[in-house]
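A.B. asks: First, the structure itself, so that you have it in front of you.
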Amino acid sequence: MDINNLSLGFDERLIFALRGLYENNGYRQYRMSKFEEYDLYARNKDFLISDSIITFTDMDGRLLALKPDVTLSIVKNLNDDGCHKVYYNENVYRVTKGNRSFKEIMQTGLECFGLVDEYSLCEVITLAAQSLRLISPDSVLDVSNLDLISGILERLPLSASQKAEFLRLVGEKNTHELYALLDSCGTEKEKAECIIEVVSTYGSAETVIPKIEMLLLGIADTTPLSNLGKIIAALDSDIKKMIKIDFSVVDNTKYYNGIVFKGFVPSVPTAVLSGGQYSRLMTRMGRSCDAVGFAVYHDTLERLYDEQSEFDSEVLLIYKNCPLPLLCETVADLKAKYGSVCAMQQEPENTKYRRVFLLDGDQLKELKKDA
């Protein structure tokens with residue numbers, strides 16, 4: 001679907017396009033309540049982006065919360081039988097980073113859990129890339145494998161807090177402090193340099209994976225790297241072009257495992273899409289199956305929405321002294337040609353239109369056109 005051909009706001013067009021993409025691949029829409037029992041989130045606070053949660057007491061005395069996350073609700077409410085493929089358009093309620101106030105945020109995503117196999121991983125990565133492409137043709141999907149990073153960590157003499165610091169520094173690409181951390185725990189200089197090169201190398205799978213395999217010989221098990229290469233090799237060539245290998249893409253290893261990824265588009269400084277395998281979350285919630293999914297964060301796209309919403313409407317039609325049937329016919333013709341039309345007797349203040357037409361009597365003429 002070409003979302004630029006719909007006479008809706010950019011956000012609405014994107015939601016419709018994502019919905020069509022997911023349904024065409026066999027995913028069904030999952031709808032949920034705006035709130036869950038608070039205990040669900042209290043037990044998994046370190047999985048949440050923010051631990052600030054809006055709570056209230058229900059009429060029966062239960063402590064409920066406006067949902068700050070969608071995945072936890074889906075995992076809680078679907079059974080382990082077979083393979084579930086669902087997508088959602090849901091609002092979540094989180095504290096914004098800037099002014100520390102709660103905000104209602106639209107989130108679109110999908111989850112595949114149950115019998116997750118290599119095809120499932122290929123499909124989800126492909127849909128993540130195609131989702132990004134609907135936002136921008138110049139988007140990039142950065143992909144990593146947490147099992148590789150976990151394997152490196154297991155062979156380092158780090159405490160639990162140091163391991164958490166290691167992951168934080170890797171995610172920030174702070175190689176200077178990362179080297180200092182490795183040095184402080186007695187890591188050999190050559191080994192530390194190899195690890196830093198692994199987490200700072202960036203590029204296509206064809207160039208990065210062979211290089212990382214050579215770097216990690218004798219340092220860590222490279223099986224996760226081979227598995228990642230196998231998945232990427234099976235993808236469509238157009239999708240492969242969007243993918244970059246980046247082992248600084250990390251997530252909470254208590255919940256996530258295996259392949260993880262983040263999506264980026266031009267002019268937005270943070271990831272607009274994030275996902276990966278989260279079988280460890282399933283285990284923590286008492287589920288005996290695997291899972292993979294991702295979410296598109298609409299709040300991060302607000303700058304793009306503003307750019308796409310430069311005009312209030314494609315056409316402003318100013319009319320006077322004209323028969324009603326002719327006015328209705330003219331509006332319909334302009335809509336068919338340009339998409340969106342606002343018909344008024346005079347030009348409103350503080351609005352912007354790409355084209356302005358005047359229908360005076362039975363004469364139609366264009367007054368101005370904005371580039």
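A.B. asks: Rounded to the nearest 5, what is the percent of antiparallel bridges among the DSSP beta bridges in the chain? The partial results should precede the final answer.
C.D. replies: Numbers: 51 of 67 bridges.
Looking only at bridges with both residues in the chain, the antiparallel portion is about 75 percent.
A.B. asks: Let me ask something else about it. Given a cut-off of 29 Å, name the pairs among Lys189/Lys211; Lys76/Lys254; Lys76/Lys230 whose C-alpha atoms lie farther apart than that in the structure shown.
C.D. replies: Details: Lys189/Lys211 19 Å; Lys76/Lys254 17 Å; Lys76/Lys230 32 Å.
Exceeds cut-off: Lys76/Lys230.
A.B. asks: Among residues other than Thr187 whose Cβ falls under 15 Å from its Cβ, what is the net charge (Lys/Arg +1, Asp/Glu -1)? Write down the numbers at each step before the final one.
C.D. replies: Numbers: positive: Arg155, Lys163, Lys189, Lys191; negative: Glu154, Glu165, Glu177, Asp183, Glu188, Glu190, Glu193, Glu197.
Residues close to Thr187 contribute a combined charge of -4.
A.B. asks: Using a Gaussian network for the chain with springs between C-alpha atoms less than 10 Å apart, which of these wobbles most: Asp333, Asp11, Asp251?
C.D. replies: Of Asp333, Asp11, Asp251, the most mobile in the Gaussian network model is Asp333.
A.B. asks: Identify all lysines with a Cα-Cα distance to Lys352 below 20 Å; exclude those on the same chain that are fewer than 8 residues away in sequence.
C.D. replies: Hits, sequence-local ones excluded: Lys335, Lys337, Lys365, Lys368, Lys369.
A.B. asks: Skip the ligands, DNA and RNA, and give the accessible area per residue of the chain with a 1.4 Å probe, whole Å². Working shown, then result.
C.D. replies: Working: 18250 Å² over 371 residues.
On a per-residue basis, the chain sits at 49 Å².
A.B. asks: Let me ask something else about it. About the Cα centre, and with charges only on the beta carbon of Lys, Arg (+1) and Asp, Glu (-1), how big is the dipole of the chain? Nearest 20 debye, please. Intermediate results must be reported in sequence, preceding the final value.
C.D. replies: Details: 42 positive and 55 negative charges, 52 e Å.
Charge dipole of the chain: 240 debye, to the nearest 20.
A.B. asks: Let me ask something additional. Using alpha-carbon positions, what is the distance between the centroids of the range 177-212 and the range 116-172, in Å?
C.D. replies: Using only Cα atoms, the two centres lie 16 Å from each other.
A.B. asks: Now for a separate question. Please determine, in degrees from 0 to 90 and to the nearest 10, the orientation of helix 160-172 with respect to the longest principal axis defined by the Cα atoms of the chain, where the helix direction is its Cα long axis.
C.D. replies: The angle comes out near 40 degrees.
A.B. asks: Looking at the chain as a GNM with Cα springs under 10 Å, which of Gly263, Gly276, Gly82 has the largest mean-square fluctuation?
C.D. replies: Gly82
A.B. asks: Also, quick follow-up: Please give the peptides 341-347, 149-155 ranked by average Cβ packing (other Cβ atoms within 10 Å per residue), highest first, as a rough proxy for protection. Mind showing how you got there, number by number?
C.D. replies: On the way: 341-347: 13.7, 149-155: 18.0.
Ranking the peptides 341-347, 149-155 by packing returns 149-155, 341-347.
A.B. asks: Quick one: which of Lys103/Lys163; Lys34/Lys103; Lys85/Lys262; Lys191/Lys240; Lys103/Lys173 span more than 23 angstrom between C-alpha atoms? List each step's numbers first, then the result.
C.D. replies: Details: Lys103/Lys163 32 Å; Lys34/Lys103 14 Å; Lys85/Lys262 20 Å; Lys191/Lys240 31 Å; Lys103/Lys173 29 Å.
With Cα atoms farther than 23 Å apart: Lys103/Lys163; Lys191/Lys240; Lys103/Lys173.
A.B. asks: Between Phe102 and Ser161, 0.36 nm times their residue separation minus their Cα-Cα distance comes to what? List each step's numbers first, then the result.
C.D. replies: Values: separation 59, 0.36 × 59 = 21.24 nm, distance 2.97 nm.
My answer for the length gained is 18.3 nm.
A.B. asks: Quick one: with all protein chains in place, what share of the accessible area of the chain is carbon or sulfur, to the nearest percent (1.4 Å probe)? Write out the running numbers ahead of the final one.
C.D. replies: Details: 8720 of 18250 Å².
The computed percentage sits at 48.
The values are calculated or read from the model by the stated rules, or taken from the named source; none is laboratory data. Everything quoted here is computed from the prediction, not taken from an experiment. Reconstructed Cβ throughout: ideal geometry from the backbone, glycine too, with neighbour counts over all protein chains shown. The protein model used for the area step is the full one, side chains on, heavy atoms only, and it has no ligands, DNA or RNA in it. Shrake-Rupley method; radii C 1.70, N 1.55, O 1.52, S 1.80 Å.
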